[in-house]
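Remarks on the structure that follows.
The values are calculated or read from the model by the stated rules, or taken from the named source; none is laboratory data. Bear in mind the structure is a predicted one, so any value in this text is a computation, not a measurement. With ideal geometry, Cβ positions are generated from the backbone for all residues, glycine too; neighbour counts draw on all protein chains shown.
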Amino acid sequence: KAPTAANDVKVGSFNIADVSGDARLRNAQQTWAERRGAVADDITGADLEVVGLQEASPYSSYRSQTPGGANQQESLLSALRESDDAWRLIPREVTSSSTIAYRSDRFSLEDSGFVLYDEQSGSNRYLAWAILEVKETGKEFLVTSTHLNSTSESIRESQWKQLITEVNALKGNRPVIA
């Protein structure tokens, strides 16, 4: 159900499994084209208003596998907009597979960005962040999304410490959803 108080926000986090992995699927696993609608239905069915996304490919090289968009992020956005045109993604300035979707009828995007973690292994990992304002009340909050390194405990710990530092620098007096 929708939030009852003006400042209540329904938030979720969703690892949608990068489309680049479609070629390695086994048994009953579904491709992005097959699971796209179910992912959008899960988000809208839960009445979420802000969603941190992980493993949402920003690469147009998979365009043939991303119905409705030039990449997996845009493909999901177009699926969400099939039920409600208010869905938006924060502006993408880097090739981060972590991003944030939000409902523009409820929130104004005040600022957003991406922070590249100092320590990496394999593909680059980013902290996606957005400052959203509740239109009805003018209250702002900081929301973040990330996918920390999963193969190295020391790198993951370093990324976690950097995440905390970055969030503390960005939050000001705002509540944080991380």
For Arg63: the one exception among (1) touching a Pro at 6+ places or on another chain (Cβ under 7 Å); (2) part of a helix (DSSP H, G or I): (1)
Region 78-96: number of residues that are outside any strand (DSSP E or B) and touching a helix residue (DSSP H, G or I) at 6+ places or on another chain (Cβ under 8 Å): 6
Conditions (1) closer than 30 Å to Thr137 by Cα; (2) modelled with pLDDT of 95 or more: number failed by Gly37: (1)
Identity of the residue in region 86-98, loosely packed, with under 14 Cβ neighbours inside 10 Å and not β-branched (Val, Ile, Thr), that ends up nearest to Leu48 (Cα to Cα): Pro91
